[in-house]
1. Which is in the same structural domain as residue 134 (by TED's automatic domain parsing) and either crowded, with 17+ Cβ neighbours inside 10 Å or farther than 30 Å from residue 236 by Cα (or both), of 112, 116?
2. Any idea how many residues of the stretch 181-202 are over 24 Å from the mean Cα position of the chain (by Cα) and either closer than 15 Å to residue 112 by Cβ or buried (at least 19 other Cβ atoms within 10 Å of the Cβ) (or both)?
3. Looking only at strands (runs of 3 or more DSSP E) that lie completely in the stretch 10-84, which have at least 2 residues being within 30 Å of residue 233 (Cα to Cα)?
4. Just to be sure, is residue 220 surrounded by fewer than 15 Cβ atoms within 10 Å (Cβ to Cβ) and not in a loop (DSSP other than H, G, I, E, B)?
5. Please find, within the stretch 86-101, the residue that is surrounded by the most Cβ atoms within 10 Å (Cβ to Cβ) out of those that are over 22 Å from residue 116 (Cα atoms) and without any contact (Cβ under 8 Å) to a residue 60 or more places away in the chain.
6. Take residue 214 and decide whether it is surrounded by 14 or more Cβ atoms within 10 Å (Cβ to Cβ), assigned to a loop (DSSP other than H, G, I, E, B) and either touching a residue at least 40 places away in the same chain (Cβ under 8 Å) or under 14 Å from the mean Cα position of the chain (by Cα) (or both).
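The values are calculated or read from the model by the stated rules, or taken from the named source; none is laboratory data. These numbers were taken from a predicted model, which means no experiment stands behind them. Backbone-built Cβ (ideal geometry, glycine too); neighbour counts: all protein chains shown.
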């Protein structure tokens, strides 16, 4: 498979496109691509363009060929609301959630979150996570870039109204309904995952009041960076496209 690059600009057949600096650096320094090599460009709105490099240098140009209506999106819209885990585990969660088919990701700050971000640090991490989303799309073949929210605290997030036909789940290590006991939701699914140690009791009560139903993944207690991804995989297997 030719390497894939996200290129958020108007694209048309026969057009010469200069790759964005980060994509050009990856193509030239990491993949060692040269003139004549084939690649794929996508702008995030759906479909992709075949192309080939027509020069190699600091500014790499791509001559666009045929547009292909290639899609690998799930028929189920799923949003992952993930409380920040410790260290750099959020990078892993974001990357794998994109690979598994999540259509939106909301980073959340909870009472028990070990990592605390605000101001410039929060903005820098959001930009970093956005690049993780793009890189994951390039790797896994997705041509639509999942939405990534700015970092929110739990009360701010819960104050937002639920969407039409939205089914909300709160992962719980202690109690909750099992997926196999549920029918496929008619609309989108939102899955909320707590930090290490879980949400505190007040947060859980607030989430339930906002329409989140406790969901159990079984008798074993999973780490926060495992729980959400395991739930996405299970939901996609039951209701999505696995």
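1. Details: 112 fails: either crowded, with 17+ Cβ neighbours inside 10 Å or farther than 30 Å from residue 236 by Cα (or both).
Answer to the selection: 116.
2. Going residue by residue through the stretch 181-202, those that are over 24 Å from the mean Cα position of the chain (by Cα) are 181-183, 200-202.
Among the residues that remain, those that are also either closer than 15 Å to residue 112 by Cβ or buried (at least 19 other Cβ atoms within 10 Å of the Cβ) (or both) are: 200-202.
Number satisfying all stated conditions: 3.
3. Of the strands (runs of 3 or more DSSP E) lying wholly inside the stretch 10-84, those with at least 2 residues that are within 30 Å of residue 233 (Cα to Cα) span 38-42, 48-53, 78-83.
4. No; evaluated as a whole, the condition is false for this residue.
5. Among those residues, the one meeting the criterion is 98.
6. no
One line per residue, one yes/no per condition, for (1) exposed (fewer than 12 other Cβ atoms within 10 Å of the Cβ); (2) modelled with pLDDT of 90 or more; (3) more than 18 Å from residue 73 (Cβ to Cβ):
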position: 6; (1), (2), (3): no, yes, no
position: 12; (1), (2), (3): yes, no, yes
position: 17; (1), (2), (3): no, no, yes
position: 20; (1), (2), (3): no, no, yes
position: 26; (1), (2), (3): no, no, yes
position: 34; (1), (2), (3): no, no, yes
position: 44; (1), (2), (3): no, yes, no
position: 50; (1), (2), (3): no, yes, yes
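Condition check ((1) over 9 Å from the mean Cα position of the chain (by Cα); (2) in a loop (DSSP other than H, G, I, E, B)) across all residues:
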{"residue": "115", "(1), (2)": "yes, yes"}
{"residue": "121", "(1), (2)": "yes, no"}
{"residue": "124", "(1), (2)": "yes, no"}
{"residue": "132", "(1), (2)": "no, no"}
